[in-house]
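First up is the structure itself, then whatever we jot down about it.
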Amino acid sequence: MRKTGFIAVVGMANAGKSTLVNSLVKQKVSIVSPKPQTTRESILGIWTDDDSQMVFVDTPGFLHSRNALGDYMLKSIDNAVADVDCILVVIDGHDGIDDRELAQIERYRKRNVPLLVVVNKTDICQPAKLMPELAKLNGVEGIAEVYCVSAKRNKGIDELKQALKKYLTGSEMYFDEDDVTDKSQRFEVSEIIREKVLLACENEIPHGVGVAINKMQFEQNAWDIDATLIVEKASHKPIILGKHGAMIKSIGIHARESIERLLEAKVFLTLWIKVKEDWRNNPSMLNELGYSSRKK
Ligand SMILES: Nc1nc2c(ncn2[C@@H]2O[C@H](COP(=O)(O)OP(=O)(O)OP(=O)(O)O)[C@@H](O)[C@H]2O)c(=O)[nH]1
Ligand SMILES: [Mg+2]
């Protein structure tokens, strides 16, 4: 019989939580970008092997909420850490450990489930700089174990996964053996498009972009997908469009390539842009984009 359980993955924005979950389940289930607040809701990454099933809960990075979407993101972190077998607090080792990380550890240790600290991005950390940072964790109450990994380079990941097995408390399978996420293809497609917007835009604009899938149909051996990028200010529209439409064209090309890999079929992708003033504070827009109840 397999040991099974849920493991929450929390930490500051940009620490590499989604990269870690993808690396743990050996599939891209959660989008990644250098911009903070890439993940907007909890996303499950499922790993099943001969003796275990681990359900990792990727979460949005801890943030100071400035709008209703931010409130929703914070709530999804709280929901994610309820009833789990273990909590992984991910820290960017390259950035170092300061009071914010220590406050996070303090916050989660009160939940009385095993808490592991995962120091990530060791591929870009100089050992001489990392050692004094790790020393800051000595004597911090409530830490069961500390692991140093590079999620991006898959270093230390198998060792971490092996170590996590001892914390699993369940014996029932929560998902089928072949499942890697709880999300639908439609959700994954909208996230891929949002990832390409995050990667293409330099400034704050992508944080105010939502993606609505208007149509997703499989016809004549190809997917026909029609999506709208929702922007929160009229002035953002020309920026996303780019000169002679160059920006949106590039977003579309990159998104289509990734979606074709996901769906393993040819994809025709049409992107539109629509302005919805301050949509991140608009309950009906949040609902439409799936940010008010669980979106699958
Ligand atoms: N060098 C290096 N970069 C990493 C590593 N893990 C993640 N990154 C980079 O760090 C950035 C943030 O990664 P994400 O996985 O999106 O971080 P996150 O914690 O999920 O961020 P939010 O969802 O915004 O909270 C991306 O540019 C990643 O490529 C790592 O092990 N090494
Ligand atoms: Mg993330």
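The values are calculated or read from the model by the stated rules, or taken from the named source; none is laboratory data. Only a predicted model underlies this, so the values are computations on that prediction, with no experimental measurement involved. Cβ coordinates were reconstructed from backbone atoms using ideal geometry, including for glycine residues, and neighbour counts include every protein chain displayed.
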Screening 21, 32, 9 for residues that are modelled with pLDDT of 95 or more, closer than 16 Å to residue 150 by Cα, assigned to a helix (DSSP H, G or I) and touching a Ser or Thr at 6+ places or on another chain (Cβ under 8 Å) leaves only 21
Out of the residues in region 148-163 that are touching a Phe, Trp or Tyr at 6+ places or on another chain (Cβ under 8 Å) and of a type in the set (A, V, I, L, M), which is surrounded by the fewest Cβ atoms within 10 Å (Cβ to Cβ)?
163
Just the residues that are crowded, with 20+ Cβ neighbours inside 10 Å, more than 8 Å from ligand 1 (Cβ to nearest atom) and of a type outside the set (Phe, Trp, Tyr), please, taken from region 41-58.
41, 42, 43, 44, 45, 46, 48, 53, 54, 55, 57
Those residues of region 149-192 which are within 28 Å of residue 260 (Cβ to Cβ) and within 16 Å of ligand 1 (Cβ to nearest atom), in sequence order
151, 152, 153, 154, 157, 181, 183, 187, 188, 190, 191, 192
So is residue 14 assigned to a helix (DSSP H, G or I), assigned by TED's automatic domain parsing to the domain that holds residue 118 and either in contact (Cβ under 8 Å) with a residue 60 or more places away in the chain or more than 13 Å from ligand 1 (Cβ to nearest atom) (or both) or not?
no
Show the residue pairs that are 6+ apart or on different chains and have beta-carbon atoms under 8 Å apart, the first residue being within region 91-105 and assigned to a helix (DSSP H, G or I), the second being more than 16 Å from ligand 2 (Cβ to nearest atom) and among the small types (Gly, Ala, Ser).
105/142
Mind checking whether some residue in region 164-173 is surrounded by 18 or more Cβ atoms within 10 Å (Cβ to Cβ) and modelled with pLDDT under 95?
no
For region 106-147, which positions are surrounded by 14 or more Cβ atoms within 10 Å (Cβ to Cβ), of a type in the set (S, T, N, Q) and not in a helix (DSSP H, G or I)?
120
Could you tell me how many of the residues in region 10-43 are within 13 Å of ligand 2 (Cβ to nearest atom) and more than 26 Å from residue 100 (Cβ to Cβ)?
2
